[in-house]
1. If you fit an axis through the alpha-carbon atoms of helix A:45-73 and take the longest principal axis of the Cα set of chain A, what angle between them do you get, 0 to 90°, nearest 10?
2. Just from the alpha-carbon atoms, what are the Rg and Dmax of the protein assembly as shown in angstroms?
3. Find the Cα radius of gyration of the stretch A:370-430, compare it with 2.2 N^0.38 Å by division, and give the number to two decimals.
4. If every alpha-carbon in the stretch B:1-149 counts as one equal scatterer, what log10 I(q)/I(0) does Debye give at q = 0.15 1/Å?
5. Working from the pairwise distances between different alpha carbons, so that the mean of 1/r is found and then inverted, what is the stretch B:20-68's Kirkwood radius in Å?
6. Just need the relative contact order of chain B here, percent rounded to a whole number, with Cα pairs under 8 Å and 6+ apart.
7. Placing one identical point scatterer on every Cα of the stretch A:254-328 and ignoring solvent, what is log10 I(q)/I(0) from the Debye formula at q = 0.12, 0.13, 0.22, 0.25 Å⁻¹?
8. Over all Cα pairs of the stretch B:159-199, how is the pair count split among 5 Å bins, expressed in % and running from 0 up to the last occupied bin?
């Protein structure tokens, strides 16, 4: 019977925590990635490395705790909502990971999920689902598990709980002065947090808008990821009209170092939707290879499973454009004197003042005179190890062509389109950065000054400068951490609103933006705590009372 | 017997130029072990300034202070902090309790600076609070205590680290008659039973009888 119960417990554990919870967490995370967090990308190698490290350490912590629980506790942890599934532990385990916190298996599991969220590049999983699970875990442990454990182990568990923290491995052998000072005046604390979060919002939102607009200008160039762009001589950006003979594709493909090449038609035109006109880039791409086509699809008609499935009278168009005109899948739009069915929505395909519409190149050949013999641009992807400069020179041996690397072409296009907009936005970023940083500094500084007399008392009682600096630093860091979390959440909401509701604008919050904001905040923490500490150290305690 | 605290030719000047005021002007004083010295003077006479200089809370403009044989002027910041946290207790007129900490934490905080674990500190703080009849108030915050209770907590805090000398600046100024008597008895008891030296600054003539010795200060100078 005991063996059966252990097996049942193991099965429930594996099914619930090995399959259901991770699946649901990732699913929910992905849902958030595609909606609320669509502007946030977790694709930095450092985040991957961090994710692997967290997954491994979380898994190891979980395994070590489980092993200790079974071996020393002589039982299992499968007790759900106070119902004992497998035989429960007979002895209280208080060493190893259990000496660090009372629920190391929960902590290890959540760290593991956080790591997975980073590894799969899902900000939704890492930033929203895991914190939500932490909250649920906390409530579950408080309401169900801890009372059961207290009932089972009595005073021993109560003493253990007094000594060892529940989840976060914080020391319990010191007066939590920083936390007390912060929470001692809840209204003031909330006001501080609101101030800090708005400052973080101001900084991160300005940077998000700048970065979003900057990458918006070259979104097509960046995402098609062609290494070399080939146009007619004299054309060096994505705005000017170009015409390249069709044979160029084969010519380029024959050049040593070129892996593949593909031609596109990129035409700036007016799109008629419900009798309203919008400026769009129509890009006709080779639907068979998919090269030059959209890179991220949203909702599509049932028959459209990818960018290769586009039929003759169908187009894929930017989701924001569709949203603005209340277009739905299957609706009709007109351009080049023809009517097309909206077969799907594309993501990240909005540029300054215009959006992208994609159609099958073969259709373009039929409806636009002259396009049968030429492309506007030829995109080339070079072979691994080939020298980019050499390839460009070889392409330009054809004196009718101009070949540019992706970064050159993007810079030229950005220079042309962003010449007015980007300096303005950069000014906004600098202002936002200054105002936000100063707000953070002043908020933290004034909150310290409010208790300056008390710090003078501490000094009078023998607190050293280092102790006082540590105390002020902890207070400021806790405030900044909470303020930054709230500020980034607000920024994500603001970005989401902008991306969805404000035509022609994109806001992009990435790890770099978050890091820049946090670094600005940390610099302000150092300043705003350093100055009062310096004053405290210089002043006699008696003078501090009088300040 | 070697004095516990000595002040030699102490001068403390506040302000600059025309606004220059000598709050304490050439005062020499000493306090021996196990004695309660009353520093009596009217408001603005310089007693708080003198007390602060003797208690290492304020540097003199000139002159020097020795506490338990150590020349305070020669101490750098860290040894001075250690001297305050190990050897000196201070009771302030305005209590100066830390508003975010409970009664026992206010008492124990002084012991936590050197990195002592909280467990033993808590036991001792609670024990001391119980001794002065505040056993039922250990978890209360300053805002929840009466003025008399606050001053008793401040008094226990000043004794917590077993100092050699305790300075009390108008400790009874904000208290009613009953609480004044309690605090003064506690101070007297501390001198008689704990071998502590106490310097008590006050303007209240009624307190004079509690002291072993009375020093009178007027306009920054000792007059008797």
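Only the coordinates and a few stated rules stand behind these numbers; no lab work does. On a predicted model such as this, the values are computed, not experimentally measured, just so you know.
1. For helix A:45-73, the angle is close to 40 degrees.
2. So, for the protein assembly as shown, Rg and Dmax equal 37.0, 115 Å respectively.
3. With N residues counted in the stretch A:370-430, Rg over 2.2 N^0.38 Å equals 1.56.
4. For the requested q values the scattering log ratios are -0.95.
5. 11.9 Å
6. 31 percent
7. Summing over Cα pairs of the stretch A:254-328 leads to -0.41, -0.48, -1.15, -1.35.
8. So the P(r) values, bin by bin, are 6, 23, 31, 23, 13, 4.
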